[in-house]
Amino acid sequence: MSTILSVRDLTLRFHTFDGVVHALNGISFDVQAGETLAIVGESGSGKSVTMMSLLHLLPMPPARIARGEALFYTNGTPTDLLKMSRADMHRVRGAQIGYIFQDALSALNPVMTVGRQIGESLVMHLGMDAETARKRAIDLLDDVGIPGARARYRNYPHQFSGGMRQRAMIAIAIACNPRMVIADEPTTALDVTVQAQIVELAKRIQRERGMTVVWITHDLGVVAGIADRVLVMYAGCPVEIAPVDDLYDHPQHPYTRGLLSALPRLDDRSRRDLASIQGAPPDMMASPRHCQFAWRCPYVFDRCWKAVPPYYPAGKGHATQCFYDLENGRPRTDA
Amino acid sequence: MPETSADATGLLVDETPDRTFRQSLVYVGRLFWRDKTGLVGLIMFLMVVFSAIFAPWIAPYDPLQQDLRAAKTPPAWTEKGSFDHPLGTDNLGRDILSRIIYGSRVSLTVGFFGVLIACSLGLTIGLISGYVGGRTDNIIMGGVNLILSLPYLVFVVFIAAILGRSLLIVILIFAFTDIPIFVRITRGEVLRIRESGFVEAALSIGAKRRRIIFRHILPNLIGPLITIATFEMSAMIFYEAGLGFLGLSVPPSVPSWGNMLAVGRKYLTIYPWIATIPGLAIVFTGLAMNLLGDWLRDVIDPRLRRVKK
Amino acid sequence: MQRYILSRLIQSLLILLGVLLIVFFMLQLTGDPVSLMVSRNASPEQVQRVREEMGFNRPMMVQFADFMTGAVVGDFGMSLRHRQPAMKLILERLPATVELATVALLMAMVIGIPLGLLGGSNPGGFWDTLCRLAGLIGQTIPNFWLALILIVFFSVGLGWFPTFGRETCTVFGIHLPTRSVILPAFALCLFTTGQLVRFTRAAVLEIKNEDYVRTAYSKGIGDRQIYTRHILRNAAIPLISIIGVQFGYLLSGSIYIETIFSWPGIGNLLAEAIGNRDFALVQAIAFFASLTVVILNLLTDIAYGLADPRIRYGD
């Protein structure tokens, strides 16, 4: 398997009137071609900001990238997305990397027909004429499971149901067959039954088109069904990255463990209360000098307050940023 | 990212923080310093207020005193001008500078009392409309929409022509025609606050309605009302001058900016300064109030200060 | 959409009814409308004659009913001075006012909308500074004063334009405006231009941060298309309302401008009528102006509904 995206030490800040918000603090991860990587974390942990910053979709200012690189591989040749010019970026967005947004109602232009919104990027990137683009857009609507695609082509977003809007959103993202699709909490705003349909749709499309997917979510339940690997984020820091089964069976970070024990299980017959993590996420106005989870961590010890932990390997393809060896129940003894 | 706390002036917060008067003054002062245009507007406005209050002491001449030998003297910076009359004289030899200084009294009186009456009546009606709701609200809003959909200037001219020329009548015309603006903003704010939940919360812990109005709704209204009042006052000063220009405002004997324009217009092609210079006073005042109003709006509207994520 | 139009129509009719009431009773404000219309030293016989001639001796309700029925068939009474139906005088003057207001509106749109767009696309930049300046100028310079200044500079000083009056040229039977309209229209459009600049700029700034614009960027759409296809089109819908309101404002504002430039329009007619104490005509003009504004608002609402698919395809 080859790497399609390699993010190293991505550090991003928001410069606001009230001070500097340290939104991302040294994010590193790789995405392999054809896999589904899930990025998990609570709101404000920086999952969306990470992916949006790669495509320059954040308003700058106030956002500013302090350091880091994000290499996107095309036939083995890397290009740094973060240093890309405006014009080059226009050619990557939509054509190479598609983006599915969370709230499809506000993410679709209310005064443009759904069909035209799909066709727009076809004309732009593939140079199609209006008629070809129209036919292709109808095919796409059909493909994402919208009944009566031909008639629906001329509809406006408000005439669609929530689930259909999300399907249309997916059609927009995949219109030009991008190699990678970023799905930014595409199911959050939907009913549970519709959620399941959208997840199934995403899986099918990925399988059929061999796309790489980065799926952003705060719902560990969704992750189990779709992801190959998981990146867990906390307060702008990556805390753990692991293959999905390994993460569920052997969480190596106290935060991940807390998240998992907060998850209700249908096969759990004991009447215990769901666990919760005590405390609140940290103030992000200061640059982190130590583990950001230290305030809430039940295993915290003196070293945690002295430095930001690096990635420690913890099994095959598994790494965690924690000084405490959860598996063996003691602090790590490395150099 | 932390939410920015309510706002800067303390005018919009749900519970006004306990700040001493001195502290508030210092705070507002600092806000003025940060945005210099607001400061410039304030200084310009205070200059107008100053000249209105102290007109008899700063005006070089009696504004009504005619001097036919010195009639139509151009301003001092022109060839035939003299520093006896820095801004020149009008057709009857009255000193334009003195008339402008006295004229500020008419403009500010109309603007200030017009807005004061409109604002207090509008506030009361708006509170009733928003708070009582139902049929009362429908009737009041029907009236408001009716008045707002009339061509304002045509009706002001119409009423002024019927009722005749006096300062009191001019003030009342502007005051009454301006009520709907204040009703609408008050009512909107009442509805917004009612829906925002904390009034309900206050009610649920047994707060009295009157207390809610005074403690929660009014403090929230002060900011927007001051902003609107500033703009409305500047609009009234314009309209008063316009009425004067058409010969429908205060009696022709009273020195007012509009009346000066009306006189000057007749001599426009030969002695242009008689009309153009008083106009500068209107522009000056309008600029002052708009700079001040823009600044207030920026400071008071928390949406503009919101930190974008 | 039909329901939307119907509700707007009913609303407009209710407002018209209110307008009729206001216009009618306004003349009664002083207690005796006749005293307004005759000169101060008229003999009691003369006053009585006018009173009977104008029908003011009848009971109030009868007068009102008469006024109402007249208004429905387009009869707004007689002008005392001109001894002609008020409506006829108004209609004669209408084209000049419409010409002035339309040219002013076009000027405001041509200057204001692109400027607001440029300013909003780059806040803090050169065009944005120009925007703020235009907005401020529009609000701080009264049009009647600007008109005087323009005459002094361009007509008297440079002699580029006539100082007063309206000239038209006729092409294939259609009266077209000539350069005589430029100064009055420019003086009139100043406030509207400022409003359009402010509004367009604010709309662009707001829409720029909408999620759907971000979506468009995520598709790889270039900046120019983002502005023309996504931002401008969304800003255009509320702009329709603003333009409608502003057109009404321009019609009203023509009172000053028409008086200054002796432009033979309705504003000028109104000023004349007031000077002549011809209050029947003043009343008719007030009603006609309100009627125009109400119709304008109705048309604006319908245009708004047509432009916004959420209303066009709503229930």
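The values are calculated or read from the model by the stated rules, or taken from the named source; none is laboratory data. It should be emphasised that the depicted structure is a prediction, and the values quoted were computed from it without experimental measurement. Virtual Cβ from ideal backbone geometry, glycine too; neighbours counted across all protein chains shown. Please note that ligands, DNA and RNA were not included when accessible areas were found on the heavy atoms of the full protein model with its side chains. Shrake-Rupley method; radii C 1.70, N 1.55, O 1.52, S 1.80 Å.
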For residues in region C:24-42 being open to solvent by 40 Å² or more (accessible area, probe 1.4 Å) and either in a loop (DSSP other than H, G, I, E, B) or of a type in the set (A, V, I, L, M) (or both), which is farthest from B:Phe155 (Cα to Cα)?
-> C:Asn41
Could you tell me which of the residues A:Ile39, A:Ile27, A:Ile65 is farther than 21 Å from A:Phe101 by Cα, touching a strand residue (DSSP E or B) at 6+ places or on another chain (Cβ under 9 Å), buried (at least 22 other Cβ atoms within 10 Å of the Cβ) and not hydroxyl-bearing (Ser, Thr, Tyr)?
-> A:Ile27
Which of the residues spanning region A:8-52 are among the acidic types (Asp, Glu), touching a Lys or Arg at 6+ places or on another chain (Cβ under 7 Å) and assigned to a strand (DSSP E or B)?
-> A:Asp9
Look through region B:10-51, keep the residues that are at pLDDT below 70 and basic (Lys, Arg), and return whichever of them is most open to solvent (accessible area, probe 1.4 Å).
-> B:Arg34
How about region C:92-115: which of its residues are open to solvent by 40 Å² or more (accessible area, probe 1.4 Å) and farther than 15 Å from C:Phe186 by Cβ?
-> C:Glu92, C:Arg93, C:Leu94, C:Pro95, C:Val98, C:Pro114
Considering residues of region B:69-88 that are of a type in the set (Lys, Arg) and part of a loop (DSSP other than H, G, I, E, B) only, the residue nearest to B:Gly264 (Cα to Cα) = B:Lys72
Residues satisfying the stated conditions in region B:247-290, i.e. out of contact with any Phe, Trp or Tyr (no Cβ under 8 Å at 6 or more places or on another chain), of a type outside the set (S, T, N, Q) and not in a helix (DSSP H, G or I) = B:Gly247, B:Leu248, B:Val250, B:Pro251, B:Pro252, B:Val254, B:Tyr267, B:Leu268, B:Ile270, B:Tyr271, B:Pro272
Those residues of region C:273-314 that are away from every other protein chain (no Cβ under 11 Å) and of a type in the set (Asp, Glu) come to a total of 1
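If you go through region C:64-79 one residue at a time, how many are part of a loop (DSSP other than H, G, I, E, B) and within 16 Å of C:Phe25 (Cα to Cα)?
Let us first name the residues in region C:64-79 that are part of a loop (DSSP other than H, G, I, E, B), namely C:73-77.
Cutting the leftovers down to within 16 Å of C:Phe25 (Cα to Cα) gives us C:76-77.
Qualifying residue count, region C:64-79: 2.
May I ask you to list the residues in region A:155-183 that are more than 10 Å from chain C (Cβ to nearest Cβ) and touching a residue at least 40 places away in the same chain (Cβ under 8 Å)?
A:Phe160, A:Gly162, A:Arg165, A:Gln166, A:Ala168, A:Ile170, A:Ala171, A:Ile174, A:Arg179, A:Met180, A:Val181, A:Ala183
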Please verify whether region A:107-125 includes one or more residues that are open to solvent by less than 50 Å² (accessible area, probe 1.4 Å), β-branched (Val, Ile, Thr) and in a loop (DSSP other than H, G, I, E, B).
-> yes
Among the residues of region B:271-302 satisfying the criterion of being within 9 Å of chain C (Cβ to nearest Cβ) and open to solvent by 40 Å² or more (accessible area, probe 1.4 Å), which is nearest to B:Ile100 (Cα to Cα)?
-> B:Leu280
Pairs where the first residue, in region B:147-165, is more than 8 Å from chain C (Cβ to nearest Cβ) and the second is open to solvent by less than 10 Å² (accessible area, probe 1.4 Å) and outside any helix (DSSP H, G or I), C-beta under 9 Å, 6+ apart | B:Ala160/B:Ser249; B:Arg165/B:Ser249; B:Arg165/B:Val250
Considering residues that are closer than 19 Å to C:Pro309 by Cβ and either open to solvent by less than 80 Å² (accessible area, probe 1.4 Å) or in contact (Cβ under 8 Å) with a residue 12 or more places away in the chain (or both), the number found within region C:1-17 is 6
Mind telling me which of the residues C:Leu21, C:Leu118, C:Leu89 ends up being away from every other protein chain (no Cβ under 14 Å), open to solvent by 70 Å² or more (accessible area, probe 1.4 Å), under 28 Å from the mean Cα position of the chain (by Cα) and not acidic (Asp, Glu)?
-> C:Leu118
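Being within 14 Å of chain C (Cβ to nearest Cβ) and either crowded, with 21+ Cβ neighbours inside 10 Å or part of a strand (DSSP E or B) (or both): is that true of A:Leu57 here? Walk me through it before giving the result.
Working: within 14 Å of chain C (Cβ to nearest Cβ): yes; either crowded, with 21+ Cβ neighbours inside 10 Å or part of a strand (DSSP E or B) (or both): yes.
So A:Leu57 passes the test.
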